[in-house]
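The values are calculated or read from the model by the stated rules, or taken from the named source; none is laboratory data. Fair warning: this is a prediction, and the values are worked out from it, not measured in the lab. When we count neighbours, we look across all protein chains shown, and the Cβ atoms used for this are built from the backbone with ideal geometry, even at glycine. Ligands, DNA and RNA are stripped out before the accessible areas are found, and what is left, the full protein with its side chains, is counted by its heavy atoms. Shrake-Rupley method; radii C 1.70, N 1.55, O 1.52, S 1.80 Å.
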Amino acid sequence: MLRESNSSNPGVNLNLSHMTPKSVPMPIYMDHNATTPVDPRVSQAMAPFLAEQFGNASSSSHAFGWQAQAAVKKAREQVAALLSCRAADVIWTSGATESNNLALLGVVRAFCSPAVRGGEKPHIITQVTEHKAVLEVLDAALEWGAEVTVLGVDQEGLISLAELEKAFRPSTVMVSIMMANNEIGAVQPVAEIGEMCNKRGVIFHTDAAQSACKYAFNLQSLKIDMLSLSGHKVYAPKGVGALIVRKINREFTLKPILFGGEQEQRLRPGTLNVPGIVGFGEACAVAALDIKEECKRLHAYQKQILDAVAAFPRVKINGPLKNRLCNNLSFSFPDLPPDDLVLGLSGVAYSSGSACNSSNPRPSHVLKAMGLDDQLARSTLRLGLGRFTTDEEVSVVIDKLVKMLGKAYGAKGTATVQPL
Ligand SMILES: Cc1ncc(COP(=O)(O)O)c(C=O)c1O
């Protein structure tokens with residue numbers, strides 16, 4: 001029951017369990033590429049900053065501010081430790097969308113000034129399966145005076161390094177290619193791309209929203225100049241993220257795209273989201289504990305599901321078998337009525353593609369770029385495994401998939417896929 005409010009206690013009882021029908025069980029969560037639950041260790045670390053430690057990290061004249069500053073400093077160090085960069089390279093943002101905007105438009109702002117390049121338009125290279133948080137930003141960059149080349153991908157969703165080589169121009173200032181794709185898990189060859197950019201003095205930005213904390217990489221061995229991160233993909237809350245800006249390979253100018261304060265080296269104004277930042281730092285520290293073992297565990301689940309589905313040769317497995325995120329699976333089902341998918345996987349929370357596009361009836365731009373037709377692209381299942389996924393949940397999902405596919409395509413064959 002909602003407590004009645006009165007003048008001495010306007011209190012609202014935030015326990016809303018009375019509104020949730022107890023007979024409706026929550027589905028098995030298999031959509032970790034859309035978002036992840038907050039890890040209890042993360043919410044525990046955040047709790048004091050939602051209560052008594054409420055200071056503003058920009059307040060330097062009292063203990064409340066100092067507490068907040070110390071917490072933000074610790075979080076910066078936790079992020080830096082996971083990625084092997086410097087704490088000073090971490091610029092807090094509200095998420096990967098904002099980080100991508102800052103990286104791309106911040107460079108365009110720096111280079112579009114006629115005084116900088118004598119009126120020559122800066123050229124940026126990207127690729128077709130990027131998240132909209134890159135592609136639509138680059139649409140805006142065109143309006144701001146940049147030129148953009150969008151590379152295609154092969155049937156597995158990977159770019160060709162030879163195509164990239166050909167796309168460089170004397171006016172190329174930046175390459176933005178994601179580390180791993182959110183729909184099909186394809187991991188792009190960022191080490192090689194970084195070397196190619198570095199040789200030419202071109203800035204390399206990568207959107208690592210899906211790969212951080214799921215894929216062990218070390219920035220010390222990669223020529224990446226800027227990298228976008230998102231809290232809610234790594235078991236921290238929504239509304240926090242970071243742009244890593246490393247000027248270790250070369251000096252370059254990044255201009256702010258928001259104005260109104262001096263925070264974050266004058267690159268991102270606004271009062272810092274201290275609880276979110278503390279959570280993000282803790283999430284990175286938790287991931288660092290066992291990132292390789294956790295990846296192995298998810299990889300084993302991924303392989304079990306893949307083997308079960310591959311026994312139905314009509315099913316199309318989207319994305320590469322190697323060079324793939326350990327937590328992602330994407331399948332397309334020819335001639336499967338959409339209702340059969342919904343019924344077959346009832347009790348499972350999955351998606352058909354990017355969560356950001358789930359209200360868009362158009363087929364996924366990622367799957368289309370890989371050559372799928374509209375029907376196949378629409379009849380697609382994305383499964384995202386995560387830290388709290390259990391053996392039992394994987395078995396239930398496999399069971400449901402095998403029943404659904406058996407009904408649609410007849411008895412299963414014996415095919416097993418090559419090792420991932
Ligand atoms: C690859 C990629 N980039 C960017 C984003 C946007 O991240 P955020 O929700 O933190 O703005 C997402 C989220 O789905 C993503 O998967």
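Some points to look at:
- Dipole magnitude of segment 28-95 about its Cα centre (Cβ charges: Lys, Arg +1; Asp, Glu -1), debye to nearest 20: 220 debye
- Legend: helices of the chain (whole DSSP H runs) are marked when their alpha-carbon atoms reach 27 angstrom or more along the helix axis and their mean Kyte-Doolittle hydropathy is at least -0.5; marked are 63-83, 274-310.
- Computed over segment 42-284, relative contact order equals 27 percent, with contacts defined as Cα pairs under 8 Å that lie 6+ residues apart.
- Surrounding net charge for GLN265, when Lys and Arg each add one and Asp and Glu each subtract one, Cβ distance under 15 Å: +4
- Sites ALA216 and SER60, calculated FRET efficiency, Cβ-Cβ separation with R0 35 Å, nearest 0.05: 0.40
- Distant-in-sequence amide H partners of HIS123 (H built 1.01 Å from N, under 5 Å): GLU147, THR172, VAL173, MET174
- With the simple spin-label model, which puts each label point 7 Å out from Cα in the Cβ direction, the ASP339 to ALA88 separation comes to 6.4 nm.
- Pairwise label distance in nanometres, THR271 with GLU251, each label 7 Å out on the Cα-Cβ vector: 3.7 nm
- Annotation: per residue accessible area for segment 290-409 equals 45 Å², rounded to a whole number [probe 1.4 Å, protein chains only].
- Principal axis box of the chain, alpha-carbon based, largest edge first, Å: 70, 68, 37
- Per residue, in Å², the accessible surface of segment 42-284 once ligands and nucleic acids are set aside, probe 1.4 Å: 39 Å²
- Close amide H pairs (under 5 Å, H built 1.01 Å from N) link LEU222 with no residue at least 5 positions away or on another chain.
- Where both bridge residues fall in the chain, DSSP classifies roughly 55% of the beta bridges as antiparallel.
- Once backbone amide H atoms are built at 1.01 Å from N, GLY241 has THR93, SER94, GLY95, GLY231 as its partners under 5 Å, excluding neighbours fewer than 5 places away on the same chain.
- Share of carbon and sulfur in the accessible heavy-atom surface of segment 241-340 [1.4 Å probe, %]: 54 percent
- If the segment from LEU142 to ALA411 were pulled out straight at 0.36 nm per residue, it would be longer than the present Cα-Cα gap by 91.6 nm.
- Sites GLU262 and ALA70, calculated FRET efficiency, Cβ-Cβ separation with R0 22 Å, nearest 0.05: 0.70
- Modelled this way, with points 7 Å down the Cα-to-C-beta line, the labels at LYS238 and LEU161 are 3.9 nm from one another.
- Chain lengthening between ASP373 and SER395 when straightened (0.36 nm per residue, less Cα-Cα): 4.8 nm
- Ranking HIS365, HIS205 from most to least accessible surface, computed with a 1.4 Å probe over the protein chains only, gives HIS365, HIS205.
- Segment 42-284: antiparallel DSSP beta bridges as a percent of all, rounded to 5: 40 percent
- Rel. contact order, % - alpha carbon contacts under 8 angstrom, at least six apart, segment 224-347: 16 percent
- Loop GluC sites (Glu not before Pro), segment 207-285, which have at most 14 other Cβ atoms in a 10 Å radius of their Cβ (DSSP): GLU251, GLU262
- Contact order relative to length of segment 208-256, as percent, for alpha carbon pairs under 8 angstrom and 6 or more apart: 33 percent
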